[in-house]
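The values are calculated or read from the model by the stated rules, or taken from the named source; none is laboratory data. These numbers were taken from a predicted model, which means no experiment stands behind them. Cβ atoms come from the backbone with ideal geometry, glycine included; neighbour counts cover every protein chain shown.
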Amino acid sequence: MPDQMHQCMSRCLFPWATSAACVVVLLATAVGAAAAAETIRVDCAEVLGEIRPLHGVNGGPLVQGETTDLSRYWREAGIPITRLHDCEWPLPDVVDLHAVFPRPEADPQDPASYRFALTDEYLRAIIDSGATVVYRLGESIEHSRHKQYVHAPADYDRWAAACLGIIRHYNDGWADGFRYNIRYWEIWNEPENRPAMWSGSDEDYYRLYTTAARAIKSRYPELQVGGPAVGATGELDGQRWRPTEFLEGFLRWVGERNAPLDFFSWHTYTDDPYLYVRKARAIRQWLDDRGFAHTKIHLNEWNYLPRNDWTPMLLQGEPERRQAWFETIGGAEGAAFTACVLIHLQDAPVDVANYYSGDVNPFGLFNRYGVPRKTYYAMRAFGQLQQTPMRVRADGGAPGRTAVCAGVNADRNRVAVLVANLRHAEERITLQLVNPPWGGATGWTVRRLDARENLAAVAAGDSGAGAMHLECEIPAPGVLLVEFRPAASAARSRQ
């Protein structure tokens, strides 16, 4: 080993970790070093744009009848936006139309017709956490045999008027309300998912959507209205999209009636993190081809689906298999998948994204006791990356297996690199950093998320001035968050 490499290693704060976790080498001496199979090159001089805050979620932080508050964790992860769907599932008493406007025959103009109190506290916690809101107007999913609320309303105009009452309360201060300036309002959820989400016909939903969307935009033209929050989206045919008949009918109905569609929302659960990029690009083209070029795209339900198999969670599923399935979703495998998706989405035509979910739901970032799962730490790692929002060129990774994203902060005294390995067999990477935005020595810290660690610092140290590289281990499934700073400030941050 060259003497200069020994000198670099001697400055590590965690010398026990250097051989197994990370070794730093100056590029000038790298010729003699063992080459890693996977090489990632970060060029701080080439700014590509902004790292978009796409780590939104579903649900809120105040849960389980206000006995569990996850707000501290939300703030630490910098959750930017949440979609209000399946809130307090499976027995929702907030957000849903039946919870807020319990008597469908009541007068929507009368504040006494509404029951806002519980939803007020639910939204207050979200806003106080720093997140904004996509308010889903409608009902949560009903897996029970007997459906109570997922039916077409008897009076579409009255239903739309009740939606306006909710908007007035949370945006205009009506009925002792608030001025939250909630921008996004979504009409229903997965109306093609029958009978769990909708008992009516395609046309019944189309009528509901156009009635409510027109009412909202007529009263509040500045708001964004969208849907249909579809789960069964269709199929990819190469790069082209083959939508379902429901979706073709929806766009045709909306277009023929010149109804507003500010955003198109869709869902996908998969084990391929790059599928979201391929789908989003195809959906963008599909919308453009049908005259909806100005409609934004919301991917507002997504999560890991191990082996693309839903059966473990179904009623006939075996309890042990169901438990293992949910543990996989929330564990290191799900965390690596989550980080891959958030990175891949940076290059997808997606305007808003919401992981399902950010609460104690079985799919959530927390267990039923409010303890963060591995997937929470993937969100937190991305939140820390987002604190260096100027995206710089990062070459490397293999779509669907590994992913990398890097950023520089506005003061140009911090660089962060997020690397996710979902299923690449090679456990070592060479992380090359060139053109750091400061002169002098560089300090670095490597944090790891895997089956054992939750973003723990596994290695740290200083290097000389100029370009450098790190030899790091990242067994699949795993995530690395590597931070670089000028050596003096890096030393202070470790104290």
May I ask you to list the residues in segment 246-266 that are free of Cβ contacts under 8 Å to residues at least 40 places away in the same chain and surrounded by fewer than 17 Cβ atoms within 10 Å (Cβ to Cβ)? 248, 252, 255, 256, 258
For residues in segment 472-486 being more than 23 Å from the chain's Cα centre (by Cα) and either modelled with pLDDT of 90 or more or surrounded by fewer than 20 Cβ atoms within 10 Å (Cβ to Cβ) (or both), which is farthest from residue 379 (Cα to Cα)? 486
Determine which member of the set 410, 425 is over 30 Å from residue 270 (Cβ atoms) and outside any strand (DSSP E or B). 410
Looking only at segment 145-177, which residues are touching a residue at least 60 places away in the same chain (Cβ under 8 Å), of a type in the set (A, V, I, L, M, F, W, C) and surrounded by 21 or more Cβ atoms within 10 Å (Cβ to Cβ)? 159, 162, 163, 166
Among 269, 205, the single one that is within 26 Å of the chain's Cα centre (by Cα) and buried (at least 16 other Cβ atoms within 10 Å of the Cβ) is 269
Consider residue 180 carefully, then state whether it is in contact with a helix residue (DSSP H, G or I) (Cβ under 6 Å, 6 or more places away or on another chain), modelled with pLDDT of 95 or more, part of a helix (DSSP H, G or I) and surrounded by 17 or more Cβ atoms within 10 Å (Cβ to Cβ). no
Filter segment 260-295 for residues that are hydroxyl-bearing (Ser, Thr, Tyr) and over 15 Å from residue 250 (Cβ atoms) and give the result. 268, 269, 270, 274, 276
Got a sec? Which helices (runs of 4 or more DSSP H) wholly within segment 41-143 have at least 3 residues that are touching a residue at least 60 places away in the same chain (Cβ under 8 Å) and not assigned by TED's automatic domain parsing to the domain that holds residue 402? 71-77, 117-129
For segment 337-386, enumerate the residues that are β-branched (Val, Ile, Thr) and either crowded, with 21+ Cβ neighbours inside 10 Å or not assigned by TED's automatic domain parsing to the domain that holds residue 134 (or both). 338, 341, 343, 350, 352, 360, 375
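For (1) closer than 21 Å to residue 142 by Cα; (2) in contact (Cβ under 8 Å) with a residue 60 or more places away in the chain; (3) crowded, with 23+ Cβ neighbours inside 10 Å, each residue gets a yes or a no:
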site	(1), (2), (3)
296	no, yes, no
305	yes, no, no
309	yes, no, no
335	no, yes, yes
When residue 106 is evaluated against the numbered criteria (1) farther than 21 Å from residue 366 by Cα; (2) in contact with a His (Cβ under 9 Å, 6 or more places away or on another chain), which criterion, by number, is the only one it fails? (2)
Any chance segment 224-236 includes a residue that's in a helix (DSSP H, G or I) and either among the basic types (Lys, Arg) or in the same structural domain as residue 134 (by TED's automatic domain parsing) (or both)? no
